[in-house]
Amino acid sequence: MMACVRRRVWLACSLGAFALNASASEPCAIPEPSLKKGGVAVGWVAENSPITVGRHFAMNVRLCPADAKLVRVDATMPEHRHGMNYKASFAALGEGRWRVEGMMFHMPGRWLLRFDVSAAGRTETLTESITLP
Amino acid sequence: MIAASAFAQSIEFSPEERARILSHGPWPAVHELDSSNRVDGNPIAIELGRKLFSDHRLSASSKRSCASCHDPKRAFQDGLRSTRHQRNTPTLLDVGQQRWFGWDGATDSLWAASLAPLAAKSELAATPAHIAALLRRDRTLNVAYTALFGEATADAANETILVNIAKTLAAFQATLVSPRTPFDEFRDALAQNDSAAIAKYPSAAQRGLKTFVGEGKCFFCHSGPAFTNGEFADVGRPFFTKSGADPGRWGGLQQLFTSPYNRLGQYADGGAQSAVATKHVIQEPRNFGEFKVPSLRGLLGTAPYFHDGSARRIEDVVQHYSTVDESRLHADGEKIVRALRLTPAQARDLTAFLKSLSGASSRKSK
């Protein structure tokens, strides 16, 4: 199903059928740990890590398949029922790479990071819990 | 002062509490230069800003300066309940660490926050022509100005001269840093597991700190070395004033978006990278009645408290958090601010902790 090769932190994964959607020769490579759902995968790293309460951060995002589109990036605190005070912006850098800007977690606790990714005519929502001390 | 007997054995902190305590340091924090102000950190600009800050000739009436309200002898505030729009004058110590300025965050840079009172008709009422005339009269000021920005423009309608003066005022204010405090000594001792130094921090303050980073949930908003996340919240203070309601952050954002002096405008140096917050910030209904989370450093020298100066003493602030009217707060999830119902002893401990966030000079005066 999935052939993954570990290269230091980065993992090159050919995501079965979805690799076909990406440029045919290059396997779709994304950083691990990654989020996977319905045939899309999202890998991300914060540029100014560690993510700190009250400080803006940018993210480098990789999508598989490489022609998938990021349509929304957001984060909320489910327990407190509020989101960020900022609306993230993002730009495609090519080959499945995206840069997200303007993120900021203004409180400690659990944040639910959310990526909406569209590929092959469908939009998937992928989420990840991040707890700040 | 605290009797020697109060220096009891240290309180146990869980690993989680310990991590939170450490996140309130180290102090002083590094000042990152403001790239929207090309003279930030420039010694000539700092010196010029220092002079102008207390120079009454800067005002149209020659009767007022920034120091009239931000008195350097009173931690750069005035000790009055409220001076402008029924808002309390904030201290300018550590102001260089902030992202948003004013209780409503109406400005996004220290120079824009300095330009507002400089130009406002109700305050210094300085015009470009007034500043140009002052520079023509005062050779020392003129030499410094020219070294930084080139010849002052003859076009007296040009606002650049006001912006430049505001940038020197900002360069000066960015150097104002509050001193280390008993809390900082404790925090560093904890980081080094230095039990002798840890024990020097009064146990009342240690117990209050435990509430602050625990049950009290204070650290949710008062986070990091400056004890603020730099954002806005409603902690249930009344926001009705004699002239109606203070819209707080809602109104601040309105002003920010329409200001030609924000970081996205032509007067900002440094380009898009310095405007991340301004470019991405959003306005939401909940911003109505929200105010900036203030730093808690140097509290002993900055009474009265809250955006309207409505709490006279630190004890009154603690009382507020102990008895806050929860129905006033529109949180539908897990409550962060809620009536803590502290016992008198717990209230004293929390107060002792808050007082330990002041350095020696402000403690002496109290």
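Every read-out reported here was derived from the displayed coordinates using simple, explicitly stated rules and does not represent laboratory data. These figures come from a predicted structure and were not determined experimentally. Here the Cβ positions follow ideal geometry from the backbone for every residue, glycine too, while neighbour counts run over all protein chains shown.
Explain nothing, just the number: relative contact order of chain B, from Cα pairs under 8 Å at least 6 residues apart, as a whole percent. Intermediate results must be reported in sequence, preceding the final value.
On the way: 622 pairs, mean separation 88.4, N = 366.
Across chain B, relative contact order equals 24 percent.
To the nearest 20 debye, what is the magnitude of the charge dipole of the protein assembly as shown about its Cα centre, counting +1 on the Cβ of each Lys and Arg and -1 on the Cβ of each Asp and Glu? Each step should come with its number before you reach the end.
Details: 60 positive and 48 negative charges, 168 e Å.
Result for the protein assembly as shown is approximately 800 debye, rounded to the nearest 20.
HN-Hα J couplings of the range B:295-305 from phi, Karplus 6.51/-1.76/1.60, θ = phi - 60°, integer Hz, Gly and Pro as x?
Per-residue couplings from phi come out as 5, 10, 6, x, 3, 4, x, 10, 4, x, 10 Hz.
Considering amide H positions built from the backbone, and no H for Pro or chain starts, which residues 5 or more places from B:Ala245, or on another chain, come under 5 Å of its amide H?
Close amide H contacts, sequence-distant or interchain: none at all.
Across the range A:123-128, in residue order, what do the Karplus-derived ³J(HN,Hα) couplings come to in whole Hz, using 6.51 cos²θ - 1.76 cosθ + 1.60 with θ = phi - 60° and x for Gly and Pro?
Taking θ as phi minus 60°, the curve returns 10, 10, 9, 10, 10, 8 Hz for the range A:123-128.
Past 24 Å, Cα to Cα, is the threshold; run B:Lys242/B:Lys355; A:Lys87/B:Lys210; B:Lys51/B:Lys279; A:Lys87/B:Lys217; B:Lys217/B:Lys292 against it and keep the listed order. Please report the intermediate quantities before stating the final value.
Numbers: B:Lys242/B:Lys355 32 Å; A:Lys87/B:Lys210 34 Å; B:Lys51/B:Lys279 34 Å; A:Lys87/B:Lys217 26 Å; B:Lys217/B:Lys292 17 Å.
Checking Cα-Cα distances, B:Lys242/B:Lys355; A:Lys87/B:Lys210; B:Lys51/B:Lys279; A:Lys87/B:Lys217 exceed 24 Å.
Between B:Asp194 and B:Ser122, what length in nm is gained on full extension when 0.36 nm per residue of separation is reduced by their alpha carbon distance? Can you show the working numbers first?
Working: separation 72, 0.36 × 72 = 25.92 nm, distance 5.32 nm.
So the chain would gain 20.6 nm between B:Asp194 and B:Ser122.
Taking only DSSP H segments of four or more residues, each worth -39500 (n - 2.57), what value at 222 nm results for chain B once the sum is divided by all its residues, to the nearest 500 deg cm²/dmol?
When only DSSP H runs of four or more count, the value is -10500 deg cm²/dmol.
Which one of B:Ser122, B:Ala233, B:Thr323 has its Cα pushed farthest toward the positive end of the charge dipole of chain B, where Lys and Arg give +1 and Asp and Glu give -1 at the Cβ?
With unit charges placed on the Cβ atoms, the residue in question is B:Ser122.
Apply the Karplus curve 6.51 cos²θ - 1.76 cosθ + 1.60, θ = phi - 60°, to the phi angles in the range B:84-100 and return the couplings in whole Hz, x for Gly and Pro.
Couplings: 9, 6, 6, 10, 6, 6, x, 5, 9, 5, 6, 5, x, 8, 8, 9, 10 Hz.
Give me the aspartates and glutamates in straight-line cross-link reach of B:Lys63: C-alpha distance below 17 Å, same-chain residues under 8 apart excluded.
B:Asp55, B:Asp71, B:Asp78, B:Glu123
More than 43 angstrom separation, counting every C-alpha pair in the protein assembly as shown; what % is that?
Taking all Cα-Cα pairs of the protein assembly as shown, the fraction more than 43 Å apart is 25 percent.
Which angle from 0 to 90°, rounded to the nearest 10, does the C-alpha axis of helix B:344-355 make with the longest principal axis of chain B?
40 degrees
Once amide H atoms are built 1.01 Å from N in the peptide plane, which residues 5 or more positions from A:Gly83, or in another chain, come under 5 Å H to H?
A:Met77
As I understand it, the value is the acute angle between the Cα axis of helix B:182-191 and the longest principal axis of the Cα atoms of chain B; what does it come to in degrees, rounded to 10?
On a 0 to 90 degree scale, this one is about 70.
Straight-line reach from A:Lys36: which lysines have Cα under 23 Å away, leaving out those fewer than 8 places along the same chain?
A:Lys69
Once both labels are modelled 7 Å past Cα along the beta-carbon direction, what's the A:Glu79-A:Ala120 spacing in nm?
Each label point lies 7 Å from its Cα, and together they span 3.8 nm.
What residues have an amide H closer than 5 Å to that of B:Asp234, excluding those fewer than 5 places away on the same chain, when H is modeled at 1.01 Å from N in the peptide plane?
Result for B:Asp234 returns B:Phe291.
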